[in-house]
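Quick notes on the structure that follows.
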Amino acid sequence: MGIKTPLYQSTIQLRFIFILHVFISESAKKQLHFLSCLTYCPIDYHFTMSNFLSMMRVTLFGARNKSEFNPARDIPSLKDKVIVVTGGASGLGEATVAELLRHDPARIYIADLPRPAEDVAALIASHATPADADADADADTDETATEIKFLDLDLGSFESVQRAAATLAGERIDILVLNAGIMPVKPRMTAEGYEAAFGVNYLGHALLARLLVPVLLKTVEIQPDVRIVIVSSEGHAMAPKGGIDFDQIKTACEGMSFTKRYGQSKVASIGLAKELGERYPSLKVAAVHPGRISTNMGKALQEESYLIRLLKPLESLICVTPEVGVENHLWAATSPDVVSGKYYLPVGIVDDATIMNKDVGLSKKLWDWTETELKDRL
């Protein structure tokens, strides 16, 4: 554990005072949220002041999305637009697809892990609208249903990403939502030789975005409002010191807690939005935090932590549903108020306090590192 210095002791005292304050003066929801946050990463929060202060911030600002944004009212018609959503078969991605379909895009691609044809058919059928059923019953209807396509995409495989990008090469893409993500509890690597969370959450998406930039820029010639939405997380605050440990990315990072591995992948996602926004000013790029969500990603955490399993019955008080969680996705994909390159808390609240803003050279270093790693794939 190392030597307990006076600074360490002061940190413990401050932590105790703050926890006492939360449980005396804050609402029950915030108390539960704070306890939930501590159970996610007890090792990190026991030893690091920066993570503790970050969690204090999350606790004080709350877990629930508070906004006047109403997707049904505020999302304009998406007529003629083509949308791609990674991780679109479940959780936040599925909720994103479902809401965007209500606004009549021409076509939407659900990009997700390969699965049997019957599962793909069932997934597409689950998004069928009453208009689709009416169209089948009445061939003379003028209603044109959105075309839904499934796109095989394994973000841990560069070849899979390249195949997906090649499939989309002849398309127009108006909205690209880089939503897919994992939080592996146990250390592992992708087939390409990168730490799994970083390889999937960041590097696979970075390759896909870079390969699709020509398609996006061509779409700008058709209509000027072309978006990239990159799903990050307030989990970026759990990243290791410096934000990204470049020396460890091509290992399983076995000496790093799973929260730090996940955190650095989300730091990188924020950096990707910043760099894409600066390098391609005709595109509108935003990174978003959805809030604390009840999705399948939490199942692995429940398996690893008794305390998280204990809190499971209280999930509805701590988390928001995917349908609420995607409001920030949807806002970033459609709102005229988005500023390119920024990172947003729910809903539409700019957060300039990330390490990507504090360390002005980090996003450039990440971009250069990424270009080197992907040079044979671009």
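Taken together, the values in this text are just the output of simple stated rules run on the coordinates, not laboratory data. This one's a predicted model, so the numbers in the text were calculated from it and none came from an experiment. FYI the Cβ positions are ideal-geometry reconstructions off the backbone, even for glycines, and counts take in every protein chain you see.
Measure out, as a whole number of angstrom, how far apart the alpha-carbon centroids of region 170-185 and region 206-280 sit.
11
Cβ under 14 Å from Y109's Cβ, Y109 left aside: what net charge do those residues give with Lys, Arg +1 and Asp, Glu -1?
-1
What spacing in nm lies between the two simple spin-label points modelled at A106 and N357, each 7 Å away from Cα in the Cβ direction?
Taking the simple label geometry, A106 and N357 are separated by 3.7 nm.
Sort the following peptides by mean Cβ neighbour count (other Cβ atoms within 10 Å, averaged over residues), highest first: 338-350, 199-211.
Final packing ranking: 199-211, 338-350.
I need the Kirkwood Rh of region 74-374: take the reciprocal of the average 1/r across all distinct C-alpha pairs and report it in angstrom.
Hydrodynamic radius (Kirkwood, Cα pairs) of region 74-374 is 19.6 Å.
Can you check what the net charge comes to around A286, using other residues whose Cβ is under 11 Å from the Cβ of A286 (Lys, Arg +1; Asp, Glu -1)?
Once positives and negatives cancel, what remains is +3.
Skipping prolines and chain starts, which residues have an amide H placed within reach, meaning under 5 Å, of the one on V177, given they are 5 or more residues away or on another chain?
So V177 has HN proximity to V84, V85, T86, V229.
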